[in-house]
2 protein chains.
Amino acid sequence: MNTKIIIDTMGADGGVDVILSGAALALQKHPELTFVLTGDKNTISRKCSDLDIQQQRVEIINATDEITNYDRPAEALFHKTDSSMLMGLQTLSAREDCFGMVSCGNTGVLLSGAAKWLLNSDRQRPALAALLPSENGGFTCVVDTGATVDCTASMLVHFARLGNDLMRQMYGIEQPRIGLLSNGAEPTKGNCLTKEVHSLLRADEDLRFVGNIEGNNALSGACDVLVCDGFAGNQVLKVTEGTIRRMIKDMMEYAERTDSLEIKRLCRHLVSLYDITSLGGAIVLGTRKPIIKAHGNANEKTIVSVSEMLLNMAQHKTAFDGYREG
Amino acid sequence: MNTKIIIDTMGADGGVDVILSGAALALQKHPELTFVLTGDKNTISRKCSDLDIQQQRVEIINATDEITNYDRPAEALFHKTDSSMLMGLQTLSAREDCFGMVSCGNTGVLLSGAAKWLLNSDRQRPALAALLPSENGGFTCVVDTGATVDCTASMLVHFARLGNDLMRQMYGIEQPRIGLLSNGAEPTKGNCLTKEVHSLLRADEDLRFVGNIEGNNALSGACDVLVCDGFAGNQVLKVTEGTIRRMIKDMMEYAERTDSLEIKRLCRHLVSLYDITSLGGAIVLGTRKPIIKAHGNANEKTIVSVSEMLLNMAQHKTAFDGYREG
């Protein structure tokens, strides 16, 4: 089955080069994949030919403008509709043959654009989920990780449903275990928001709620979906990232000091095990078609890995309305 | 200078044995230290004599009742005033010769008891700070880590002041750098609460505010005091803990697989470097005298280490009203 994915070639720290090198690798690896690339047509064509990318496997949509990290969503949606990111979203919305999209750019603008052109039938604001490898193998879906930082209880219940659908359809987990991030495992622990959400989730017969999860078990594998407001979820994601970076740095220093080959080998093993940057990105949930927000500092492996996430979704049918209909 | 510290001998997962073995080690190491031990007098006397603890260096206050993790603060304060924890707090409040107190027990009851008997002159609810080793050496004071999970902006400014005083007086940092935990470094990033706090802190001439700090830099050393509401601060603390535990487990498994002595040695090095349990505990701020909430799963090293924190505070004059007056 052919799968066509849109890639916004702008917005990555490493520029268009990184994106296209990654795209070339993904195309080599997956013959069923084709790309629609949005951005500066001349630059993209030149680089595609440098990289020996077959012309029939990429389509280029020229976009003259670029969304930066300083753009505010409301203004960008008004003034920059011909940017590579927003052209991508409009194309994704309009064209049936496009399955999903990847962008490394401004998260706020991406979410607002997704809400404008690709909102799901329930009309709720999209959420941003991260699929992180859990301690016991498998993945934990953390939702929300920053799309909405001031949440009501019903929003968190909605996040639970979105994560539930994703894990069921993407990994075939029949009844995903839904956990609620809190500051204590007991049902009485939490802030006002999580206490209210706790009782709503417990009363919800469609969801398999496993109770509160503390931060030290966020990624232990105690739940398949970790529900949290976007502010707290952002901390789970970034504190994990920061701690990993720090421990690997400490080990590298130790390896240098002891000049041990074995430890250098271990460091490489851990770097690959915990390489969150290459791992991919956050998934926009609540849209008709899947959109992945990749890290700003994405590398080539990131592009391969997010393409594979989308391929995986395409193969497994997904929680996205637009595709279910297709 | 002699320093007398109260230890609640109940409430640790390892029971009174761990506490007293730790106390014995601390007494050996620090001749200027004496303890007031609250708990079951018979048990404590017997174990002290088993451990060869000199009688003149410990005083025992008999407490028949015990606070458990199931006790609710309001009820415990009413019904369990003769528990080891609350006897400790009352003693700390009443006796001038006692410098501070340590408990491994129920955090909620400890904070409420502290608020009842040892509140600072500003009459604000105490906060719970954690002093964590930062990436560039030194310590970062994370405040609040769970005492108040639903916060107003003025509470967070108060936390900033408490942390500021602690770092200035305990480590002699003249103008501690105050950071605000948020989901983005830009001033416009954050939830409603942090945006309001951001402008209050920026306008505050007494504090050296260095702006928003993201989770991946929470402990990088970018600030001396990391201000956050108790819910988010609890995540910083526990997600860090969980990530460390997980990485060390992965390394241990790798060491077993490769049967490498060097890597086993590295694991031990990292375990000691990142041993949060032994490191100590959270400091109750906003009280007249210092109180340390040690981990429930405290070990002997924890007791030594929290005793040393209190000794350090006693030597450096501290941010605690009760002691300043002394």
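Where does the stretch B:237-289 land on Rg(C-alpha)/(2.2 N^0.38 Å)? Kindly include the intermediate steps, with their values, before the conclusion.
On the way: Rg = 15.3 Å, N = 53, 2.2 N^0.38 = 9.9 Å.
Its radius of gyration relative to the 2.2 N^0.38 Å reference: 1.54.
How many Å³ per residue does the convex hull of the Cα positions in chain A occupy? Don't skip to the end; give the middle numbers.
Working: hull volume 46.9 nm³, N = 326.
It is 144 Å³ per residue.
May I ask for the accessible area buried between chains A and B, both sides summed, probe 1.4 Å, to the nearest 100 Å²? Walk me through the intermediate numbers first.
Values: alone 15470 and 15470 Å², together 26330 Å².
Looking at A and B, the buried total is near 4600 Å².
Given q = 0.19, 0.21 Å⁻¹, what are the Debye log10 I(q)/I(0) values for the stretch A:114-226, with equal point scatterers placed on the Cα positions and solvent ignored?
-0.99, -1.21
Translational D (Stokes-Einstein, µm²/s) of the stretch B:175-326 at 4 °C and 1.567 mPa s when Rh comes from the Kirkwood sum over C-alpha pairs? It would help to have the intermediate numbers written out before the result.
On the way: Rh = 18.1 Å.
The Stokes-Einstein estimate is 72 µm²/s.
Rounded to two decimals, what is Rg over Rh for the protein assembly as shown when you use alpha-carbon atoms and the Kirkwood radius? Mind dumping the intermediate values first?
Working: Rg = 27.0 Å, Rh = 26.5 Å.
On the Cα set of the protein assembly as shown, Rg over Rh gives 1.02.
So what's the net charge close to A:SER83: Lys and Arg +1, Asp and Glu -1, counting the other residues with Cβ under 9 Å from its Cβ? Before the final figure, lay out each step's value.
Details: positive: A:LYS80; negative: A:ASP8, A:ASP65, A:GLU66, A:ASP71, A:ASP82.
Here the count lands on -4.
What's the whole-number percent of alpha carbon pairs in the stretch A:65-127 lying beyond 20 angstrom?
Cα-Cα pairs in the stretch A:65-127 separated by more than 20 Å: 20 percent.
What is the projected area of the convex hull of the Cα atoms of the stretch B:16-132, averaged over all directions, in nm²? Walk me through the intermediate numbers first.
On the way: hull surface 33.3 nm².
Average of the hull's projected areas for the stretch B:16-132 equals 8.3 nm².
Return the Rg/Rh value of the stretch A:21-67, two decimal places, where both radii are evaluated on C-alpha atoms and Rh is the Kirkwood radius. All intermediate terms of the calculation are to be shown ahead of the outcome.
Numbers: Rg = 10.7 Å, Rh = 11.0 Å.
Here Rg/Rh amounts to 0.97.
First select every other residue whose beta carbon is under 15 angstrom from the beta carbon of B:SER199; then total the charges, Lys and Arg +1, Asp and Glu -1. Kindly include the intermediate steps, with their values, before the conclusion.
Details: positive: B:LYS189, B:LYS195, B:ARG202; negative: B:GLU186, B:GLU196, B:ASP204, B:GLU205.
Once positives and negatives cancel, what remains is -1.
Select from A:LEU25, A:THR3, A:GLN54 the residue farthest towards the positive end of the dipole of the stretch A:1-128; place +1 on Cβ of Lys and Arg, -1 on Cβ of Asp and Glu, and compute about the Cα centre.
A:THR3
Check the straight Cα-Cα distances from B:LYS4 and name the lysines below 18 Å, setting aside those fewer than 8 residues away within the same chain.
B:LYS29, B:LYS289, B:LYS293, B:LYS317
Other chains' Cβ within 10 Å of A:172-184 residues: what's the mean? Mind dumping the intermediate values first?
Details: counts 0, 0, 0, 0, 0, 0, 0, 0, 0, 5, 4, 12, 7.
Mean shielding by partner chains, rounded to a whole number: 2.
Taking the label point 7 Å from Cα in the Cβ direction, how far apart in nm is A:PRO187 from each other copy of itself, listed shortest first?
Output for A:PRO187: 4.6 nm, nearest copy listed first.
Using only the alpha carbons of the stretch B:46-93, determine the length spanned along each of the three principal axes and report them from longest to shortest in whole angstroms.
38, 23, 13
Could you identify which residue out of A:LEU118, A:LEU166, A:LEU273 has the top mean-square fluctuation in a GNM of chain A using Cα springs shorter than 10 Å?
A:LEU273
Using only the alpha carbons of the stretch A:112-175, determine the length spanned along each of the three principal axes and report them from longest to shortest in whole angstroms.
Principal-axis extents of the stretch A:112-175 (Cα, largest first): 37, 23, 21 Å.
Report which residues of the stretch B:201-233 become buried by 40 Å² or more of accessible surface when going from the isolated chain to the complete set of protein chains (1.4 Å probe; DNA, RNA and ligands ignored).
In the stretch B:201-233, residues shielded by partner chains: B:GLY215, B:ASN216, B:PHE231.
Label-to-label distances across copies for A:HIS30, with labels 7 Å out along Cα→Cβ, in nm, shortest first?
Distances between equivalent label points, in nm: 5.8.
Rounded to the nearest 10 Å², what accessible area does B:ARG95 have for a 1.4 Å probe in the complete protein model?
Spelled out: B:ARG95, probe radius 1.4 Å, area about 60 Å².
With every atom except the alpha carbons ignored, what do you get for Rg and Dmax of the stretch A:183-240, in angstroms?
11.2, 33
Please sort by residue number the GluC sites (Glu not before Pro) in the stretch A:1-88 whose DSSP state is loop and whose Cβ has at most 15 other Cβ atoms within 10 Å. Numbers along the way, then the final one.
Details: sites: A:GLU32, A:GLU59, A:GLU66, A:GLU75; in loops: A:GLU32, A:GLU66.
Sites meeting the loop and neighbour criteria: A:GLU32.
Residue by residue through A:241-253, how many Cβ atoms from other chains fall within 10 Å of the Cβ on average?
Details: counts 6, 12, 15, 5, 4, 9, 8, 1, 1, 6, 7, 0, 0.
Whole-number average of other-chain Cβ neighbours for A:241-253 is 6.
Report the residue, chosen from B:ALA115, B:ALA222, B:ALA255, that carries the largest GNM mean-square fluctuation when chain B is represented by alpha-carbon nodes joined by springs under 10 Å.
Maximum fluctuation in the GNM of chain B, among the listed residues, is at B:ALA255.
For A:ALA203 and A:ASP52, compute 0.36 nm times the residue count separating them, minus their Cα-Cα distance, and round to one decimal in nm. Don't skip to the answer; put the middle values down first.
Details: separation 151, 0.36 × 151 = 54.36 nm, distance 5.63 nm.
Taking 0.36 nm per residue and subtracting the Cα distance, the gain is 48.7 nm.
Please work out the C-alpha center-to-center distance from the stretch B:68-82 to the stretch B:134-204 and express it in whole Å.
So the separation of the two Cα centres works out to 31 Å.
Put the label 7 Å from Cα along Cα→Cβ for A:ALA94; what are its distances to the other copies, in nanometres, shortest first?
Values, ascending and in nm: 8.1.
Rounded to the nearest 500, what is chain A's calculated 222 nm mean residue ellipticity when only DSSP H runs of at least 4 contribute -39500 (n - 2.57) each, over all residues? Mind dumping the intermediate values first?
Working: 12 runs with 152 residues, N = 326.
Rounded to the nearest 500, the figure is -14500 deg cm²/dmol.
Could you quote the convex hull projected area for the stretch A:162-263, Cα atoms only and averaged over all directions, in nm²?
On the way: hull surface 34.2 nm².
Seen from a random direction, the Cα hull of the stretch A:162-263 projects 8.5 nm² on average.
Using a 10 Å cut-off around each Cβ of peptide A:145-154, what is the average number of partner chain Cβ atoms that fall inside?
Numbers: counts 1, 3, 0, 1, 10, 5, 1, 0, 0, 0.
Across the residues of A:145-154, the mean count of other-chain Cβ atoms within 10 Å is 2.
The values are calculated or read from the model by the stated rules, or taken from the named source; none is laboratory data. Nothing here was measured: the structure is a model prediction, and the numbers come from that model. FYI the Cβ positions are ideal-geometry reconstructions off the backbone, even for glycines, and counts take in every protein chain you see. When the accessible area is computed, the model is the full protein with side chains, heavy atoms only, and any ligands, DNA or RNA have been set aside. Shrake-Rupley method; radii C 1.70, N 1.55, O 1.52, S 1.80 Å.
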